[in-house]
1. What is the list of residues in the range 26-44 whose amide nitrogen lies under 13 Å from a point 7 angstrom out from the Cα of S100, following Cα to Cβ?
2. When Rg and Dmax of the Cα atoms in Å is calculated directly from the model, which label among (1) 16.4, 55; (2) 19.9, 63; (3) 18.3, 59 fits?
3. For the pair T52/N85, report the inter-label distance in nm, with labels modelled 7 Å from Cα in the Cβ direction.
4. As a quick test, which of the pairs K4/K47; K118/K147; K6/K99; K72/K137; K91/K122 have an alpha carbon distance above 26 angstrom in this structure?
5. Can you work out D for the range 3-63 in µm² s⁻¹ from Stokes-Einstein, where Rh is the Kirkwood radius over C-alpha pairs, the temperature is 37 °C and the viscosity is 0.692 mPa s?
6. From the helices alone, meaning DSSP H stretches of at least four residues, give me the mean residue ellipticity at 222 nm for the chain, per-run term -39500 (n - 2.57), in deg cm²/dmol to the nearest 500.
7. Report, please, the projected area of the range 73-154 averaged over directions, based on the convex hull of its C-alpha atoms, in nm².
8. For the range 82-117, which trypsin sites (Lys or Arg not before Pro) pass both filters: DSSP loop (anything but H, G, I, E, B) and at most 12 other C-beta atoms within 10 Å?
Amino acid sequence: MTIKAKPILQNRFWIVEDETTKIGTLSWDDERYMFTDGAETCFFNNKRELDTRFPFIMWGEDATIKEETTPKEVYGFPTSVTPYNNMYDVKRKLPLFTKSEHSKSLYCAGYYIVRFDKGWVKSFCPKLITVERYDTKGPYTTEFEMKQELARASN
């Protein structure tokens with residue numbers, strides 16, 4: 001019995017099958033892998049996690065999965081996904097990006113703290129609209145810096 005991931009869209013979508021019987025599907029959305037077998041859906045952050053859960057899946061040479069090599073940062077600030085349309089708002093000193101090539105939603109790279117009605121909360125790569133509507137501090141390059149500022153702001 002051989003279970004193989006058959007590529008449908010190169011490095012994006014595979015049919016997982018046992019010889020000729022379809023077992024499930026596997027997809028990659030630039031952020032994580034999703035395996036669906038009809039009964040359940042599982043998410044994996046990288047190929048290593050996927051191979052740990054499903055070590056029996058054979059990957060053919062034409063079904064190889066590229067590991068993420070694109071840096072996930074904008075102007076030195078970390079992002080949650082591979083950024084597109086990087087820009088820097090000089091007036092507000094904000095590193096901005098979109099999550100896809102044709103998206104119109106802008107996100108702010110880095111760590112922030114945002115003051116809502118109930119107090120200050122931490123935020124990683126918030127939408128620009130959130131930063132514009134609420135009192136914020138940031139961006140910070142590390143979670144540690146952000147947590148320090150959150151402690152100061154909460155007191």
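What follows draws every value from the coordinates through simple rules; no lab data is involved. Since the model is a prediction, treat every value here as computed from it, not as a measurement. Backbone-built Cβ (ideal geometry, glycine too); neighbour counts: all protein chains shown.
1. Hits in the range 26-44 for S100 at 13 Å: 29-31.
2. Given (1) 16.4, 55; (2) 19.9, 63; (3) 18.3, 59, the calculated one carries the label (2).
3. Each label point is offset 7 Å from its Cα along the Cβ direction, giving 3.6 nm.
4. Listed pairs above 26 Å: K6/K99.
5. Translational diffusion coefficient: 285 µm²/s.
6. Calculated at 222 nm, the ellipticity per residue is -4500 deg cm²/dmol.
7. Values: hull surface 20.6 nm².
For the range 73-154, averaging the hull's shadow over all directions gives 5.1 nm².
8. K91, R92, K93, K104
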